[in-house]
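A.B. asks: Have a look at this one before I ask anything.
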Amino acid sequence: MNEFAMYASDLLDGRKALVTGGGTGIGKAIATGLSMAGADVVIAARRAEVLDETAAEITAMSGRPVTTDLVDIRDLDTVTALAQRQGDIDILINNAGGQFPQKARDFSPNGWRTVIDLNLNGTWNMVQAFGNIMLDAGGGSICNIVATVGRGIPGIAHSASARAGVVELSKTLAYEWGPKVRINCVAPGQFRTDAYDNTYEEGVGDGFVEQPLPHVGHVSDIANAAVFLVSPTARFITGETLYVDGGLTVQGPMSALPPGGFPERNEPSPHR
């Protein structure tokens, strides 16, 4: 069974979709799902060689050509240039982002600003540039890939703050931009990708057996959720965040550091 072919192959026929961070991991999976559902897909990121390889792989799977383009979502000039080249899109997937795990007390000012700039400001750059085009044209649908915000995420306080900001931004714009533009979020739980393995220490998430669905997800689960939200099947859904996390936000480990990563929690309470 092809896990990226859960929808009719003509579901998004005639639609053009842009995926940031589309060369690897979750972004690559979403781009694959969109292409399998009939969309004309553009994948954008900072490295052309990765994008070209991914485009060829998706085309081999879906039989549809995939276009590549370059962008650094933190750089408004490159975002503006991308919007000028690819402004006729109907679907925008804001997937590009990233963070590094560290205790909040150890954040440097630059480290904090870097993650906020990428995950919040970078998403805003894309949303405004393409959202304005959608508003002035025939409308469209935006899906922001965030995180399992709501319980706090110890170890990535900067990213949790930025992602929560994107959730609130999406809710706000759902009102301001409706009915022409629908905007929703997908919040992934634990998914093993190269980026995940390169970012987090061994042992992070070992307690996933505590969550209701006791296993890590497959990137196609995120792809299928995103395809649903931007498709006509979700035409009456906007301002929502779809948690694709195996129930992690109900019960499970939220820390981005391995067990024992916060030894100060074992210190006696000062009773203040």
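The values are calculated or read from the model by the stated rules, or taken from the named source; none is laboratory data. Please read these numbers as outputs of a predicted model, since none were measured by experiment. Heads up, the Cβs are rebuilt from the backbone with ideal geometry, glycines too, and the neighbour counts pull from every protein chain shown. Ligands, DNA and RNA are excluded from the accessible area calculation, which covers all protein heavy atoms including side chains. Shrake-Rupley method; radii C 1.70, N 1.55, O 1.52, S 1.80 Å.
A.B. asks: Which net charge results when you count Lys and Arg as +1 and Asp and Glu as -1 among the other residues whose beta-carbon is under 12 Å from that of residue 154?
C.D. replies: +3
A.B. asks: Here is a follow-up. Whose amide H sits under 5 Å from the amide H of residue 183, counting only residues 5 or more places off or on another chain, with H placed in the peptide plane?
C.D. replies: 142, 239
A.B. asks: Okay, moving on. Can you work out the accessible area per residue across the chain, with the rest of the protein chains kept in place, probe 1.4 Å, in square angstrom?
C.D. replies: 48 Å²
A.B. asks: Shifting gears a bit: Within the chain, what whole-number % of the accessible surface is contributed by carbon and sulfur, with the 1.4 Å probe and all protein chains included in the calculation?
C.D. replies: It is 51 percent, rounded to a whole number.
A.B. asks: Just read off the accessible area of residue 172 with the full protein assembly in place, 1.4 Å probe, to the nearest 10 Å².
C.D. replies: 70 Å²
A.B. asks: So what's the back-of-envelope 222 nm ellipticity for the chain, counting only DSSP H runs of four-plus at -39500 (n - 2.57) apiece and dividing by all residues, rounded to 500?
C.D. replies: Computed mean residue ellipticity for the chain: -11500 deg cm²/dmol.
A.B. asks: Lysines near residue 171 by alpha-carbon distance under 20 Å, same-chain residues fewer than 8 away left out - which ones?
C.D. replies: 180
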